[in-house]
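Before any comments, here is the structure.
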Amino acid sequence: MKMIDKAEQYSFLKPIERGARGRTTEQVERSLRAAIVALDFAPGEFIDKGLVCSRLGVSRFPVSEALARLAAEGLAEILPQRGTRAARIRLTEVDESMLIRKALEAMVAETAARRLPPSALFALKKNLQAQEAAVGRNDRAGFHALDLAFHAILVDSLEMPRVAAVIEASRANIDRVRQLLSSPRRHAVTLAEHRNLLKALEARDAEAARRAMEAHLEAVMNELEHFSAAHPEVFAPQ
């Protein structure tokens with residue numbers, strides 16, 4: 001079996017651009033968070049700090065500080081005398097985050113059906129066209145980015161920054177789950193769910209929009225239940 005060099009494994013980490021003084025830790029944190037959420041660091045995988053420093057072009061202090069912050073978020077796990085690893089996914093935290101997101105995004109969808117401006121509806125249509133193209137070429141990363149953008153258009157168009165902040169704060173572990181469940185079939189199903197939601201928004205049917213959003217988010221949790229039973233090693237013990 002061919003052995004993969006660690007430097008090659010960490011090729012997803014790009015050197016940090018030197019910016020304002022004191023912002024290095026924040027940049028390292030963003031880079032490592034993105035890698036954990038994207039599953040570049042698999043749940044339970046140990047993170048080589050020295051190699052992270054080498055790849056990002058920074059000292060050990062900002063890397064250690066960034067990992068400590070990610071541990072506080074539940075995305076990393078610091079094990080004394082052993083090192084730091086990407087945290088395995090805690091289903092209880094995902095359930096709680098999804099409960100928050102479902103409540104808020106259902107409200108957003110209902111409100112959007114009444115108040116969304118034509119420019120936002122047009123942006124959603126363009127996004128769905130791009131989603132369809134991503135599904136056609138099996139572009140996993142591209143589809144995920146468009147999926148996030150679709151939901152962001154709804155919240156941002158309603159000018160609800162505090163709601164957007166709460167949704168964003170509850171998203172990290174959910175995004176890791178969505179990456180785990182990513183597949184051509186799941187992408188096609190998600191696209192169909194987004195189309196149903198847009199149809200309700202265009203009809204200005206608030207109740208149908210709320211139901212469409214709830215069904216969309218519930219489908220993720222239903223799939224997660226089956227996935228977690230088949231792959232227990234990815235998840236923290238209950």
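The values are calculated or read from the model by the stated rules, or taken from the named source; none is laboratory data. From a predicted model like this one, the values you see are computed outputs, not experimental measurements. Quick reminder, even Gly has a Cβ in these numbers, built from the backbone with ideal geometry, and neighbours come from all protein chains shown.
Some notes on this structure:
- Exactly one residue out of 71, 76, 103 is buried (at least 20 other Cβ atoms within 10 Å of the Cβ) and either modelled with pLDDT of 90 or more or touching a Lys or Arg at 6+ places or on another chain (Cβ under 8 Å) (or both): that is 76.
- In the stretch 47-96, the residues that are under 18 Å from the mean Cα position of the chain (by Cα) and hydroxyl-bearing (Ser, Thr, Tyr): 92
- Across the stretch 53-111, the number of residues qualifying as among the hydrophobic types (A, V, I, L, M, F, W, C) and touching a residue at least 40 places away in the same chain (Cβ under 8 Å) comes to 18.
- Residue match in the stretch 176-197 (condition: in contact with a helix residue (DSSP H, G or I) (Cβ under 9 Å, 6 or more places away or on another chain), under 25 Å from residue 88 (Cα atoms) and free of Cβ contacts under 8 Å to residues at least 24 places away in the same chain): yes
- In the stretch 25-51, of all residues being touching a residue at least 40 places away in the same chain (Cβ under 8 Å) and part of a loop (DSSP other than H, G, I, E, B), the one that is farthest from residue 173 (Cα to Cα) corresponds to 48.
- Within the stretch 52-103, if we keep just the residues that are part of a helix (DSSP H, G or I) and among the polar types (S, T, N, Q), the residue that is nearest to residue 220 (Cα to Cα) turns out to be 97.
- Test: residue in the stretch 211-227 that is free of Cβ contacts under 8 Å to residues at least 12 places away in the same chain, part of a helix (DSSP H, G or I) and among the acidic types (Asp, Glu): yes
- Residue in the stretch 146-154 that is surrounded by fewer than 16 Cβ atoms within 10 Å (Cβ to Cβ), modelled with pLDDT under 95 and closer than 30 Å to residue 48 by Cβ present: yes
- The single condition among (1) in the same structural domain as residue 220 (by TED's automatic domain parsing); (2) more than 23 Å from the chain's Cα centre (by Cα) that residue 105 does not satisfy is (2).
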